[in-house]
Each structure stands twice: as structure tokens, then as C-alpha cells.
Amino acid sequence: MALNQEESLAIIRQLLKARDDQELHRLVSMYLPVIDGTFFTVLNQAVTELEREGKPDIARALEALGAQMLKMKTLI
């Protein structure tokens, strides 16, 4: 199943709203099998938008999470 932009954005929003590391880990584990190139494209666009909005800390955290997810995805 390929994700579209809206689905990718919804996943990113959920990841950003995770209450703690445990919830974040659960979400990453749940979504890892379905994330694809579209997800990473949307994630990179979100990082750029957050930087433009003056939210560099959130942008860096999201970028780091994306890098971690990509690494996990390539290990599957």
C-alpha cells in the first residue's frame, strides 16, 4: 500500500504529538511497514516548513526521527 501526501502528513502529525518516547516507539513500529518514498518526501517538506516558521528545534527533532526511521526501514 502506497501512502499519499495526506496520509503521510497525518502520520507525521501523530509522531509529533507523541506524549513520550514509549508512545513514539509504538507509533514508529506501527507505521514502519507502510512508510515509503512519499512519506519521506512529505517529512522533508515538513522539516523545511518548520524551519521557515522559525521552529528549528521541532524541525531538527523531526529530521532526526526521519533519519532513524529510514535507517530502520532499510534494515527490514
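The values are calculated or read from the model by the stated rules, or taken from the named source; none is laboratory data. Because the structure is a prediction, the values reported are computed rather than measured. Accessible surface is based on the protein model in full, side chains and every heavy atom, while ligands, DNA and RNA are left aside. Shrake-Rupley method; radii C 1.70, N 1.55, O 1.52, S 1.80 Å.
For the chain, complete DSSP H runs whose alpha carbons reach 18 Å or more along their own long axis and whose mean Kyte-Doolittle score is 0.0 or higher are 37-52, 56-75.
Excluding ligands, DNA and RNA, what is the solvent-accessible area per residue of the chain at a probe of 1.4 Å, expressed in Å²?
On the way: 5110 Å² over 76 residues.
Each residue of the chain exposes 67 Å² on average to a 1.4 Å probe.
Our helix-only sum for the chain, with -39,500 (n - 2.57) per DSSP H run of n ≥ 4 divided by its residues, gives a mean residue ellipticity at 222 nm of -25500 deg cm²/dmol. For the chain, which whole-number percentage of the solvent-accessible area (1.4 Å probe, protein heavy atoms only) is attributable to carbon and sulfur atoms? Using a 1.4 Å probe with all protein chains present, the chain comes out at 55 percent carbon and sulfur. Kirkwood analysis of the Cα pair distances in the chain returns a hydrodynamic radius of 12.5 Å.
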